[in-house]
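For reference, the structure is listed below as structure tokens.
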There are 2 protein chains.
Amino acid sequence: MAFLKVVPLEEALRIVNSFKLKPRVEEVSLDEALGRVLAENIVSPINVPPFDRATVDGYAVRAQDTFMASESDPVELKVIGEVHAGEEPKIKLAPGTAVYVSTGAPLPEGADAVIQFEDVDRKDDTVIVYKPAYPSLGVMKAGTDIPRGKLVLETGTRLGFKETALLSALGFNTVKVYAKPKVAVISTGNEIVLPGEELKPGKIYDINGRAITDAIRELGGEACFLGIARDDEKSLADLMIKGVAECDMVLISGGASGGMRDLTSSVIEKLGRVYIHGIAIQPGKPTIIGVVDGKPVFGLPGYPTSCLTNFTLLVAPLLRRLIGRESEVRKVRKKLVHKVFSVKGRRQFLPVKIEGEKAVPILKGSGAVTSFVEADGFIEIPETVEILEAGEEVEVTFFG
Amino acid sequence: MAFLKVVPLEEALRIVNSFKLKPRVEEVSLDEALGRVLAENIVSPINVPPFDRATVDGYAVRAQDTFMASESDPVELKVIGEVHAGEEPKIKLAPGTAVYVSTGAPLPEGADAVIQFEDVDRKDDTVIVYKPAYPSLGVMKAGTDIPRGKLVLETGTRLGFKETALLSALGFNTVKVYAKPKVAVISTGNEIVLPGEELKPGKIYDINGRAITDAIRELGGEACFLGIARDDEKSLADLMIKGVAECDMVLISGGASGGMRDLTSSVIEKLGRVYIHGIAIQPGKPTIIGVVDGKPVFGLPGYPTSCLTNFTLLVAPLLRRLIGRESEVRKVRKKLVHKVFSVKGRRQFLPVKIEGEKAVPILKGSGAVTSFVEADGFIEIPETVEILEAGEEVEVTFFG
């Protein structure tokens, strides 16, 4: 095998960063855009509103016609027509005239103000104005909300309902987003059975397959769970070949045994190339990184917490890069709730739960399913550190 | 019409709470459970691990056989077989014997400890032990992670990848979740066109339809956008009838004009009953609540920010109740960044953006699309308050 020694995490990350995977862009209908990540800058192609718009029901006037109006000496204007919301005004205001407009209607030519109908009197085709209107009263001018040409959303924006609504308001019915990377997920081990199957003696239910599959989906990727490979080369090779054929990368969570680890490594070796055969971190040392048919293949540890920790450290950043969510902050600073001991020379990742401003270590050991279910993420304890004191500030990285 | 006067928000909420809608429960496959809300308590049907499990590769022994072992006087045990992960052990340990086990393998009967292979010597069918093993060394006892009968997840839990992984580990391949309430969404107004269509003079693109549709989806509901009703009774009645036939409730966002509001109200009146015809809040006074064919029908204001504010105040809590997410906290306390003036006697909801610990008011007026796009939520200013001072603590309710 190419490598048998363990390498620092940074070396593993360097390999991952060197993978020649490029984000793909696809155009989706706006109705399918929710939750996706924008792959283009959005510049408004229109003015919002597109025209000078009445914001009240009332009379569109030439403001200057009303400047002399007062309670004692009101101004009378001749009503020459109506414009309702959605209509194109075909009338033009001459001096001394007014047009009835409803809220949302475009102002007719010549008008520059709208007086609320409650503030005037109407008598046949005459409207009586008792006080001056200033230009722009009752009007939202074209483009005052969003002017044509304005950059409104940037590449990399996650589209929530506010953003899709904004795109709708600008007239977009399709939008360019990052395509979801396809990730094949394989569980391995003779002891693993799928939920719903009978739990025969010596067997346990799969957990990593589900955890990784759904973590990829939450992240915005498309996960294809290919099932469970047994502890033989053919079984694993078959699924790995299927994985690289159908997907952009393959994630294999190792059976618990050391033998399984060697199997993953030797199958990758036969089909492609192994770059990393162990990382100097605890837990999660037994991590394999290779390439088959130009597609990255990751062998993740079998213990659930180790598996998820290394997924978070190595795979999630790669997925985020492909989805345009690279800049997303997945860390918070908290205070350690009690003292924690580590071993000098060992770079440790410890699962923690967040409770308010506190980080509470989950000290169940990596074999326990509940460790990662109860934890929100993990903290890193460097090689040089033996003790973290209670109250010490730590950086928590969220799982996923 | 039944009511023409505006009512306090509390009265509107009382009506909404009186609607006889019950959460529905459905069983989905675990593969479709991500993001759904659990509608049952999950009690573990099995021990995890299901058996005493080796946590290292090595030799399963009777610990008592090794108590006298030392460097100078090692104990020799006869290796009588092997058990690998996934196998059912058929061997029983007699005194003085050991069995090779791989990580994850069940312990054979009689064994109570596993000594790592690195810590012993092997010579033919004999293993040489140099120090005592204590009972449970290298063993995870059955049920120590999760004992059978333990309540592990409660009704109302949102299923993230950690929870689906836990369900997998317990053998569940289906799970009961709250069914998604179906909500019909209708935009109204002669001036509204759908994105992708040509923007003729006097027209504007729909925004509320998209905002409400996607807000419902983010919330966990199923939204059916039925399109745009024109300003006539038949157009609106047709869509409303379709909405109540196909969905659990109907949301209509009003055209901007007062006339449209009356139309919504009179169509509900003809098809069912109007309960509320205006709420004493600003913005969003023109809000209609009624029932058609036993299904709630909401007429929301046309201005985007008002529409979304009232959706948040009135509809979202109802949806959360149906989805089992009632207890979700959607409020944070922040400090107002600058002084804000209100009008005595007016109960106002003001959109704000959150910046760190500050709430920044968005003072663009409810007609501006950008108000709600830039805002994260809103603060309430009671009737009795005229001024909120800079630095005052306010409660921000998130939109949606």
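The values are calculated or read from the model by the stated rules, or taken from the named source; none is laboratory data. Here the structure is a predicted model, which means the values were calculated and not measured. Don't worry about glycine lacking a Cβ; one is built from the backbone with ideal geometry, like all the others, and counts go over all protein chains shown.
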Between residues in region A:110-126 that are on the phi > 0 side of the Ramachandran plot and residues that are part of a strand (DSSP E or B), which pairs lie under 7 Å by C-beta distance while being six or more apart or on different chains? A:Gly110/A:Lys92
Just to check your reading of the model, which residue among B:Asp206, B:Asp238, B:Asp214 is farther than 21 Å from B:Gly400 by Cβ and either at the interface with another protein chain (Cβ under 9 Å from one of its Cβ atoms) or modelled with pLDDT of 95 or more (or both)? B:Asp238
Breaking point among (1) of a type outside the set (Asp, Glu); (2) in the same structural domain as B:Thr370 (by TED's automatic domain parsing); (3) in contact (Cβ under 8 Å) with a residue 60 or more places away in the chain, for B:Val291: (2)
Go through (1) part of a loop (DSSP other than H, G, I, E, B); (2) in contact with a Phe, Trp or Tyr (Cβ under 7 Å, 6 or more places away or on another chain); (3) more than 11 Å from chain A (Cβ to nearest Cβ) for B:Pro195 and report which single condition fails. (3)
Considering only residues that are within 14 Å of chain B (Cβ to nearest Cβ) and either in contact with a Pro (Cβ under 8 Å, 6 or more places away or on another chain) or part of a helix (DSSP H, G or I) (or both), which ones fall in region A:259-301? A:Gly259, A:Met260, A:Arg261, A:Asp262, A:Leu263, A:Pro283, A:Lys285, A:Pro286, A:Pro301
Within the set of pairs 6+ apart or on separate chains, which have a first residue in region B:28-51 that is within 23 Å of B:Gly143 (Cβ to Cβ), a second that is charged (D, E, K, R) and crowded, with 20+ Cβ neighbours inside 10 Å, and C-beta atoms under 8 Å apart? B:Leu30/A:Arg210; B:Leu38/B:Glu163; B:Val48/B:Asp145; B:Pro49/B:Asp145; B:Pro50/A:Lys203
Scan region A:74-110 residue by residue and report those that are more than 14 Å from chain B (Cβ to nearest Cβ) and surrounded by 24 or more Cβ atoms within 10 Å (Cβ to Cβ). A:Leu77, A:Ala98
Only one of B:Ser136, B:Ser102 is touching a residue at least 24 places away in the same chain (Cβ under 8 Å) and in contact with a Ser or Thr (Cβ under 6 Å, 6 or more places away or on another chain), namely B:Ser102
When region B:15-53 is checked residue by residue, the ones that are at the interface with chain A (Cβ under 9 Å from one of its Cβ atoms) and aliphatic (A, V, I, L, M) are B:Leu30, B:Ala33, B:Leu34, B:Ile46, B:Val48
Could you give me the residue pairs with C-beta distances under 6 Å whose first residue belongs to region A:215-234 and is in a helix (DSSP H, G or I), whose second residue is among the hydrophobic types (A, V, I, L, M, F, W, C) wherever it lies, and which are 6+ apart or on separate chains? A:Ala215/B:Phe161; A:Ile216/A:Val183; A:Ile216/A:Ala223; A:Arg217/A:Ala223; A:Arg217/B:Leu34; A:Glu218/B:Phe161; A:Leu219/A:Leu319; A:Glu233/A:Val267
Within 14 Å of chain B (Cβ to nearest Cβ), under 30 Å from A:Val329 (Cβ atoms), assigned to a strand (DSSP E or B) and modelled with pLDDT of 95 or more: which single residue out of A:Val152, A:Val114 fits that description? A:Val152
Residue count for region A:175-193, restricted to those that are over 20 Å from A:Glu222 (Cβ atoms) and either touching a Pro at 6+ places or on another chain (Cβ under 7 Å) or at pLDDT 95 or above (or both): 1
Residue check, A:Gly143 more than 10 Å from chain B (Cβ to nearest Cβ) and surrounded by 16 or more Cβ atoms within 10 Å (Cβ to Cβ): yes
Determine whether B:Gly196 is small (Gly, Ala, Ser) and in contact (Cβ under 8 Å) with a residue 12 or more places away in the chain. no
Hey, among the residues in region B:363-393 that are within 14 Å of chain A (Cβ to nearest Cβ), hydrophobic (A, V, I, L, M, F, W, C) and within 28 Å of the chain's Cα centre (by Cα), which one's farthest from B:Ile204 (Cα to Cα)? B:Phe378
